[in-house]
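Presented below is the structure to which this report refers.
The values are calculated or read from the model by the stated rules, or taken from the named source; none is laboratory data. Quantities reported herein were computed from a predicted structural model and do not represent experimental measurements. Neighbour counts run over all protein chains shown; Cβ positions are idealised from the backbone, glycine included. Only protein heavy atoms, including side chains, enter the accessible area calculation; ligands, DNA and RNA are left aside. Shrake-Rupley method; radii C 1.70, N 1.55, O 1.52, S 1.80 Å.
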Amino acid sequence: MNFLAIDDEPLCLDDLRLALAEAAPDCCCACFSSPAQALAHARTHPLDAAFLDIEMGDVNGLALAKQLKDLQPDLHIIFVTGYEKYAVSAFALHASGYLLKPVDTDELRRELTFLYGDIPAPHAIRVQTFGGFEVWVNGAPLAFGRAKAKELFACLIDRRGAGLTTREACSLLWEDGVYNIARKNYFQTIVHDLRSTLRQAGIEHILVKSHNSISVRAGEIDCDSYRFLDGEPQAVNSYRHNYLPSYSWAEFSVGKMEGL
């Protein structure tokens, strides 16, 4: 599920993000303190539900909700606000829910259950790219059998769901640039080792293998750099110019982040 969370108060926004992550561990939540940035995101990303405050400085959340519905008519709108007085107006806009701050995880889970039925508790996959590359599954660190398998997974995380061909992967993993049968066969060994590692952790489904291409299901991964690129304030503040420092091929993405 793809969610949008909007609140001009950073602490409230972070509370909402954490509550959503707990209530729906498999969700991908883009968080914004700027309504304009949230609208820009909604123009290019399919969303299932939007959670937004009503009083946000000069921006009225009710008007923002209407703009979001104009962009995506099937979008569920759930207001998370400190005021009861807007409830009638909210439901006049066909809002799917109305929660009062401070947001309660159980109430949030009930709202989501009402919309989607019982939400399964899938494996929570968390990836760190700032300061070094690490992966956790349900809070436990993921141990890779080979360093190159770990680096390949880092490459796929960097691609954020875009496919990586065998030749492209080999050019990234081995800087000498040699691409031959022996290198291609060794790469397949690395892929097999990575799949085995993910299978043992119960998350092999995160890997998408097609003809001569491999990728990850980025929407099922909680990644600090993904949240940074989505403009989440906490992720932006945590960036210290240290994206995947162990891998030279990450320099292109570093340049992109520095530009942002």
> Which number in (1) buried (at least 22 other Cβ atoms within 10 Å of the Cβ); (2) at pLDDT 90 or above marks the one condition that Ala36 misses?
Replying inline: (1)
> Mind checking which residues of the stretch 129-174 are within 18 Å of Ala235 (Cβ to Cβ) and basic (Lys, Arg)?
Replying inline: Arg160
> Hey, does the stretch 182-189 have a residue that's among the small types (Gly, Ala, Ser) and closer than 27 Å to Cys28 by Cβ?
Replying inline: no
> Using beta carbons and a limit of 8 Å, which pairs, at least six apart or on different chains, have the first residue in the stretch 225-254 and β-branched (Val, Ile, Thr) and the second one open to solvent by 60 Å² or more (accessible area, probe 1.4 Å)?
Replying inline: Val254/His241
> How many residues does the stretch 48-79 hold that are open to solvent by 20 Å² or more (accessible area, probe 1.4 Å) and either under 21 Å from Glu107 (Cβ atoms) or assigned to a helix (DSSP H, G or I) (or both)?
Replying inline: 10
> Does any residue in the stretch 28-54 that is within 20 Å of Leu115 (Cβ to Cβ) come within less than 9 Å, Cβ to Cβ, of a residue that is open to solvent by less than 10 Å² (accessible area, probe 1.4 Å) and of a type in the set (Ser, Thr, Tyr) six or more places away or on a different chain, and which pairs are these?
Replying inline: Leu52/Thr81; Asp53/Thr81; Ile54/Thr81
> Here are Thr165, Thr129: which of them is in contact with a strand residue (DSSP E or B) (Cβ under 8 Å, 6 or more places away or on another chain) and over 19 Å from Ile221 (Cβ atoms)?
Replying inline: Thr165
> Hey, does the stretch 226-236 have a residue that's at negative phi, in contact with a Pro (Cβ under 7 Å, 6 or more places away or on another chain) and open to solvent by 20 Å² or more (accessible area, probe 1.4 Å)?
Replying inline: yes
